[in-house]
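**Q** Quick one: structure below, then a few questions.
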Amino acid sequence: MTRKSDSPPKRPWFRGVVRGATGAMAMTGMRQAEVGLGFVQRTPPDAILREGVPAVLESVPEDRRKAAIELAHWGYGATAGALFAFLPRRLRSSRLAGPVYGVMAWGAFELAIAPALGLAHARRSRPQERAALLLDHVVFGFVIGEPPEAEVAGTEGSESGGADRGVGKRERRKHRERRGGGDRRRRGERRKHGERGERREHGERGERRKHGERRRS
């Protein structure tokens, strides 16, 4: 029987980092399609590094800048995933928690980051692009989100498995103790039976000896 643990999962930040980086990779794939279809002119990571902090990008060799942009995006996703993992469990227990978190990340870029860095995203009307970026942020939220059954399938499952193993060990120990007790009882009964047999045999020899003495007399 599986026993569910109520203790929080170990190293929640690590699980958040992995999910966040995976979600950012999924967004990269979606954005390649969005750019190819003409919905997005320049992705947010590209715009931030090329328009917001060009000095950082210029320090990277030109043939490696695209990779640097993607790695920066994955790092941002990993950080966002770690922050999500540290939210109270009651906030993460809903299936909508992850997507809502993704929408909030999209809103932070549109309303705070882009205007603060003076990006072109904040200066032009682009409903299709905003909708496309909103969609991939929702997908990111689904990836980092923690559905209720994750308590059983993920880290909690391993913890409950450890508890089950502990219960199994205790049951096996009790079984060995019961079996050992039964063996001791059987040995005791055999010893008593042997002692009774010896006393009976000794008594029979004494009776035969007395009978022989009476016959001689």
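The values are calculated or read from the model by the stated rules, or taken from the named source; none is laboratory data. Small disclaimer: the values here were computed from a predicted structure and weren't measured. Neighbour counts are summed over all protein chains in view; Cβ atoms, including those assigned to glycine, are modelled from backbone coordinates with ideal geometry.
**Q** Can you tell me which condition P9 does not meet? The list is (1) modelled with pLDDT of 90 or more; (2) assigned to a loop (DSSP other than H, G, I, E, B); (3) under 17 Å from I144 (Cβ atoms), and all the others hold.
**A** If we test P9 against (1) modelled with pLDDT of 90 or more; (2) assigned to a loop (DSSP other than H, G, I, E, B); (3) under 17 Å from I144 (Cβ atoms), just (1) comes out false.
**Q** Name the residue that is surrounded by the most Cβ atoms within 10 Å (Cβ to Cβ), counting only residues in the stretch 116-172 that are aliphatic (A, V, I, L, M) and either at pLDDT below 55 or touching a Phe, Trp or Tyr at 6+ places or on another chain (Cβ under 7 Å) (or both).
**A** I144
**Q** Let me ask something additional. Being assigned to a helix (DSSP H, G or I), at pLDDT 70 or above and within 28 Å of the chain's Cα centre (by Cα), is that true of even one residue in the stretch 182-202?
**A** no
**Q** Just give me the residues in the stretch 53-83 being buried (at least 16 other Cβ atoms within 10 Å of the Cβ) and modelled with pLDDT under 90, in sequence order.
**A** Residue satisfying the conditions is L57 alone.
**Q** Which residues, counting only those in the stretch 84-99, are of a type outside the set (S, T, Y) and loosely packed, with under 15 Cβ neighbours inside 10 Å?
**A** F86, L87, P88, R89, R90, L91, R95, L96
**Q** State which residue is surrounded by the most Cβ atoms within 10 Å (Cβ to Cβ) when the search covers only the stretch 101-115 and only residues that are touching a helix residue (DSSP H, G or I) at 6+ places or on another chain (Cβ under 8 Å) and not small (G, A, S).
**A** By that ranking, first place goes to Y101.
**Q** Considering G81, G77, which residue is within 16 Å of V139 (Cβ to Cβ), under 17 Å from the mean Cα position of the chain (by Cα) and assigned by TED's automatic domain parsing to the domain that holds V18?
**A** Being within 16 Å of V139 (Cβ to Cβ), under 17 Å from the mean Cα position of the chain (by Cα) and assigned by TED's automatic domain parsing to the domain that holds V18 holds for just one of G81, G77, which is G81.
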